[in-house]
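Down below is the structure, laid out as structure tokens.
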């Protein structure tokens, strides 16, 4: 009886592990920046964030490539983390205070904020 219960418990644990769904996703989007110091800051903004498997920003192309589990984190959240570090990207404008605190070589030409028409 104990062997049977042990086998049943092991089977239930394995079944539960197999039923955990993950949705591996990849995304590529533009992040403005200038140099290797930018690369370090941009990539560090995603370090140790739940659901992010890999993140790499290319200095020349300004392209961010991210591999992530879409059941744990959304692309918009990833872009928000980068923006919080002061970097504009295809999804979110960088935080103005964080941008102001960047090293001089990291300050890229920012696009002006869009004017919102008044009703």
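Please go through region 75-111 and give me each residue that is in contact with a helix residue (DSSP H, G or I) (Cβ under 9 Å, 6 or more places away or on another chain) and more than 14 Å from residue 32 (Cβ to Cβ), ordered by number.
Scanning region 75-111 gives 84, 103.
Sort out which residues of region 102-119 are more than 13 Å from residue 86 (Cα to Cα) and modelled with pLDDT of 65 or more, and write them in order of number.
Answer for region 102-119, where residues must be more than 13 Å from residue 86 (Cα to Cα) and modelled with pLDDT of 65 or more: 105, 111, 112, 113.
If residue 13 passes every condition in (1) at pLDDT 95 or above; (2) not in a loop (DSSP other than H, G, I, E, B) but one, which one does it miss?
Failing condition for residue 13: (1).
Residue check: is residue 25 buried (at least 16 other Cβ atoms within 10 Å of the Cβ), part of a helix (DSSP H, G or I) and in contact with a strand residue (DSSP E or B) (Cβ under 9 Å, 6 or more places away or on another chain)?
For residue 25, the condition - buried (at least 16 other Cβ atoms within 10 Å of the Cβ), part of a helix (DSSP H, G or I) and in contact with a strand residue (DSSP E or B) (Cβ under 9 Å, 6 or more places away or on another chain) - is not met.
List pairs: first residue in region 51-70 and at positive phi, second residue assigned to a strand (DSSP E or B) anywhere in the structure, Cβ distance under 7 angstrom, at least six positions apart or on different chains.
Qualifying pairs under 7 Å: 51/68; 51/69; 62/30; 62/31.
Please verify whether residue 78 is within 14 Å of residue 28 (Cα to Cα), surrounded by 14 or more Cβ atoms within 10 Å (Cβ to Cβ), in contact (Cβ under 8 Å) with a residue 24 or more places away in the chain and within 10 Å of the chain's Cα centre (by Cα), treating the condition exactly as stated.
So residue 78 fits the description; yes.
Can you tell which of 47, 65, 60 is at pLDDT 95 or above, assigned to a loop (DSSP other than H, G, I, E, B) and farther than 22 Å from residue 105 by Cα?
Among 47, 65, 60, only 47 is at pLDDT 95 or above, assigned to a loop (DSSP other than H, G, I, E, B) and farther than 22 Å from residue 105 by Cα.
The values are calculated or read from the model by the stated rules, or taken from the named source; none is laboratory data. Because the structure is a prediction, the values reported are computed rather than measured. Positions of Cβ are backbone-derived with ideal geometry, glycine not excepted, and every protein chain shown enters the neighbour counts.
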